[in-house]
1. Mark the label point 7 Å from the Cα of A:SER21 along Cα→Cβ and return the residues of segment B:90-108 whose backbone N is within less than 19 Å of it.
2. Can you give the net charge of the other residues whose Cβ lies under 13 Å from the Cβ of B:GLY70, counting K and R as +1 and D and E as -1?
3. Express in whole angstrom the spacing between the alpha-carbon centres of segment B:23-39 and segment B:41-74.
4. Taking the Cβ-Cβ separation of B:GLU138 and A:ARG86 as r and a Förster radius of 22 Å, what is the calculated FRET efficiency to the nearest 0.05?
There are 2 protein chains.
Amino acid sequence: MNDHQDPAQRDLHGSGAVTFSMRSEYGVRFMVALTRMDHGEPVSLTDIADQEDLPRAYLEQIIGGLRDAGLIDSQRGAHGGYRLARPASEVRMGEVLRALEGPIVPMACLAAAGSPCNRADNCTVSQLWSRVRDSVNEALDSFTLADLAKPGSPVALSSAAKH
Amino acid sequence: MNDHQDPAQRDLHGSGAVTFSMRSEYGVRFMVALTRMDHGEPVSLTDIADQEDLPRAYLEQIIGGLRDAGLIDSQRGAHGGYRLARPASEVRMGEVLRALEGPIVPMACLAAAGSPCNRADNCTVSQLWSRVRDSVNEALDSFTLADLAKPGSPVALSSAAKH
DNA sequence: TCAATTCCGACGAAACGTGTCAGAAATCCC
DNA sequence: GGGATTTCTGACACGTTTCGTCGGAATTGA
């Protein structure tokens with residue numbers, strides 16, 4: 001049962017930056033699965049992990065952020081589990097990703113809300129990073145959870161028809 | 001001489017994903033500095049590292065990718081150094097970043113050019129990642145090296161009202 | 001020949017990502 | 001109350017990646 005995510009996939013060259021971690025992948029798939037399986041009663045973690053073939057214990061740890069961000073409600077004890085805290089159509093994927101990872105920021109010097117890096121002088125470079133940051137966040141926010149949870153493939157269509 | 005990039009900057013919270021590495025930061029700053037200092041004769045690595053306060057030996061290693069990608073020309077030996085291989089206005093930052101890191105891909109399952117992940121069935125999620133990928137690449141390509149090398153570019157002025 | 005410079009591979013320390021595990025706390029049902 | 005179920009939490013382990021140093025080889029100009 002240790003065969004999650006073929007590890008050969010990732011060392012395909014130098015392999016790339018700007019990557020989301022497995023944490024994000026798992027977290028998003030959890031949310032999508034929960035959306036699909038949520039029919040009024042709480043869905044247990046085990047059910048979702050089995051359904052999506054995700055490492056349960058790790059997922060357990062990942063979910064904390066989603067709960068803290070108020071995206072899901074949890075109920076402990078027998079017959080407990082998770083529910084969406086809001087309708088899927090009102091949850092932007094940007095919220096989900098920001099709950100899973102920290103703030104989405106492509107370069108450390110943008111993290112401190114105030115001054116863009118200490119090299120303020122000629123640091124025109126920070127413009128590049130902040131445009132990337134904005135683009136990523138816009139792209140994420142252009143999807144809702146409901147978009148991804150729709151079973152049929154035409155998700156691209158629905159989101160392409162957005163404004 | 002070991003005071004590059006205050007390490008406290010990065011553990012600011014869980015701190016975030018979708019980050020470019022220092023490699024990218026250094027590489028980009030190298031390119032910008034080279035653009036500014038290139039006046040016909042090759043510019044030595046030491047000069048650039050001093051100017052930008054970057055770890056020279058590390059930079060040396062990073063630059064290999066830029067050379068291999070044909071973005072800079074190098075000349076060995078005394079009075080050697082680096083030159084831009086093309087005019088700065090014709091170099092998109094996307095090229096620079098892709099030369100520094102691998103291909104810009106936000107999730108491993110998009111790396112294999114063909115099929116998006118092996119869970120093809122209901123993996124609507126991959127659409128999210130591919131939109132992010134496209135957004136990032138577009139954002140990067142919307143800048144040229146010349147844009148960043150301009151000393152008094154407008155946005156930089158607004159954020160740097162000092163000196 | 002000597003000095004300057006790029007080029008290259010190896011090495012090391014530290015951080016991070018990806019999980020696992022054990023146990024505490026809450027809740028439901030009999 | 002007691003037992004079963006389930007979330008919650010913190011600690012730990014392991015491999016990989018990042019960041020950077022070092023030493024030396026190759027190339028070139030003076």
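1. Only B:105-108 fall inside the zone, counting backbone N under 19 Å.
2. Working: positive: B:ARG67, B:ARG83, B:ARG86, B:ARG98; negative: B:ASP68, B:ASP73, B:GLU90, B:GLU95.
Residues near B:GLY70 contribute 0 overall.
3. 8
4. Working from the Cβ atoms, E equals 0.10.
Rule-based calculations on the coordinates, nothing more; no lab input. All figures in this text were calculated on a predicted structure; none of them were measured in a lab. When we count neighbours, we look across all protein chains shown, and the Cβ atoms used for this are built from the backbone with ideal geometry, even at glycine.
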